[in-house]
Structures are given as structure tokens and as C-alpha cells.
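These notes are about the structure you will find just below.
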Amino acid sequence: SGFSHGTNVWLDNAQDLIKNGTCKLNEAISTRDDVMNFLIHRGMDRKHSFFVMENVRKGKGIEKRNKQGQATTEFEAEMRENNIPEW
């Protein structure tokens, strides 16, 4: 299971989401593939889903940013349009 392989994937994250009823075990994201598949399943563009997955994996957040730190994409807006939960 991906819950046991990453830092803070289970503790202080998925465990809390499941305990407080935010999501069920089968809905909790535990691997980077889960991130991409979840976004695609919810209707997000495949390329955008891949980019978001990679940025999250690298700890860079959701949006692509230029050297000045300004967002150059609108992935967050696309995620909201596709009713992606903010947890």
C-alpha cells in the first residue's frame, strides 16, 4: 500500500481524512498515480492531471510558476470546475 511508503501519507493526512469522514479508505490518495487517476476520473485534462501530479510529487504545489513566482497556469480553477475536493 502507498500509505506506508511516503512521508506523512498516512499519519497526519489520510488517517485524519478517514477518521473525520472527509473521505473513505477507497477514496484516499496514497500514490502519485492515484493523484493523476483521480483528477482524470473527475474530468480534468490528462496532460494537466499529469503536470499537477508531478508538481505535487516534487512539492511544488499545483500551478506552474515563472521565475518571479507568478502562476502561469489555471489548474486550480480547472480543478474547481471539475468539483475536485480541496482536501
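None of the figures in this text is laboratory data; all of them are computed from the coordinates on show. As the structure is a computational prediction, the values presented were derived from the model and not from experiment. Methodologically, a virtual Cβ is constructed for each residue, glycine included, from the backbone with ideal geometry; neighbour enumeration extends over all protein chains shown.
In 10 Å bins starting at 0, how do the alpha-carbon pair distances of the chain split up by percent?
17, 46, 31, 6
Express in nm, to one decimal, how much length is gained between GLU76 and GLU54 on full extension, taking 0.36 nm for each residue of separation and deducting their alpha carbon distance.
6.5 nm
If we sort 71-77, 34-40 on the protection proxy, mean other Cβ atoms within 10 Å, highest first, what's the order?
34-40, 71-77
Sort 48-59, 14-25 by packing, meaning the average of other beta carbons within 10 Å per residue, with the highest value first.
Going from most to least packed, we get 48-59, 14-25.
Among 63-69, 80-86, what's the highest-first ranking by average C-beta atoms within 10 angstrom per residue?
Result, highest mean first: 80-86, 63-69.
Using just the helices of the chain, give the 222 nm mean residue ellipticity in deg cm²/dmol: DSSP H runs with n ≥ 4 each add -39,500 (n - 2.57), and the total is spread over all residues, rounded to 500.
-11000 deg cm²/dmol
Using the alpha-carbon atoms, what tilt in degrees (0 to 90, nearest 10) does helix 32-41 show relative to the longest principal axis of the chain?
70
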